[in-house]
Amino acid sequence: MAARADRRCEYCRAPEHIFNYAFEVEHIQPRAAGGNDALDNLALSCASCNSHKATTTSALDEETRQMTALFHPRQGRWSEHFRYDSETGLVQGITPAGRVTVTRLRLNSDFQLRARHHWIQLKIYP
Ligand SMILES: [Zn+2]
């Protein structure tokens, strides 16, 4: 599970090895919405992404004005949906799914950005 994810949060790419706890196993499709415990429905997630995602699977994309499914780590590659700027540390969604995931999971919150700047300096991000 963690090895499949390269020991990184599958949403924000936070490196698990710098934390003093194991990342959480997140249900992409929540159990409350019929999701199961199959490996195809599980993703490694940091506490920040998991708590902000909660039971959400879609959100309004401000650009298309459409309800859009969040990034699905088992159905798409991170690099197809996101870019990150090594100067600012900002993660940008480059698809509708990427954009709603950045917003909903607060991938550019102050906490995320402060931590990401350290990871960039340590050359352990993305
Ligand atoms: Zn994360």
Exercise. Based on what the data block shows, is residue 70 in contact with a Ser or Thr (Cβ under 8 Å, 6 or more places away or on another chain), under 21 Å from residue 8 (Cβ atoms) and modelled with pLDDT of 95 or more?
Worked result: yes
For this session: Quick one: in segment 107-118, of everything that is surrounded by fewer than 17 Cβ atoms within 10 Å (Cβ to Cβ) and within 12 Å of the ligand (Cβ to nearest atom), which residue is nearest to residue 67 (Cα to Cα)?
Result: 109
For this session: Look at segment 74-116 and say how many of its residues are under 19 Å from residue 42 (Cα atoms) and assigned to a loop (DSSP other than H, G, I, E, B).
Result: 5
Exercise. From the list 64, 88, which one is more than 16 Å from the ligand (Cβ to nearest atom) and exposed (fewer than 13 other Cβ atoms within 10 Å of the Cβ)?
Worked result: 64
Seminar exercise, completed: Residues in segment 13-29 that are assigned to a helix (DSSP H, G or I) and either out of contact with any Lys or Arg (no Cβ under 6 Å at 6 or more places or on another chain) or away from the ligand (no atom under 11 Å from the Cβ) (or both) total 2
Exercise. Only one residue in 5, 32, 47, 54 is among the aliphatic types (A, V, I, L, M) and more than 16 Å from the ligand (Cβ to nearest atom), so which one is that?
Worked result: 32
Exercise. From the residues in segment 30-50 that are assigned to a loop (DSSP other than H, G, I, E, B) and out of contact with any Ser or Thr (no Cβ under 7 Å at 6 or more places or on another chain), which one is farthest from residue 121 (Cα to Cα)?
Worked result: 34
For this session: Read through the list (1) away from the ligand (no atom under 12 Å from the Cβ); (2) part of a loop (DSSP other than H, G, I, E, B), then give the number of the only condition that residue 10 fails.
Result: (1)
Exercise. Inside segment 58-73, can you point out the residues that are part of a loop (DSSP other than H, G, I, E, B), under 21 Å from residue 112 (Cα atoms) and either free of Cβ contacts under 8 Å to residues at least 40 places away in the same chain or hydrophobic (A, V, I, L, M, F, W, C) (or both)?
Worked result: 70, 71
Exercise. Yes or no: residue 99 over 12 Å from the mean Cα position of the chain (by Cα) and away from the ligand (no atom under 16 Å from the Cβ)?
Worked result: no
Exercise. Just checking, which of 79, 45 is under 21 Å from residue 106 (Cβ atoms), without any contact (Cβ under 8 Å) to a residue 60 or more places away in the chain and out of contact with any helix residue (DSSP H, G or I) (no Cβ under 8 Å at 6 or more places or on another chain)?
Worked result: 79
Problem set entry | Residue in segment 72-92 that is touching a Phe, Trp or Tyr at 6+ places or on another chain (Cβ under 8 Å) and of a type in the set (D, E, K, R) present | no
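The values are calculated or read from the model by the stated rules, or taken from the named source; none is laboratory data. Keep in mind that this is a model prediction, so the values were computed, not measured. Here Cβ is always computed from backbone atoms with ideal geometry, including for glycine, and neighbour counts include all displayed protein chains.
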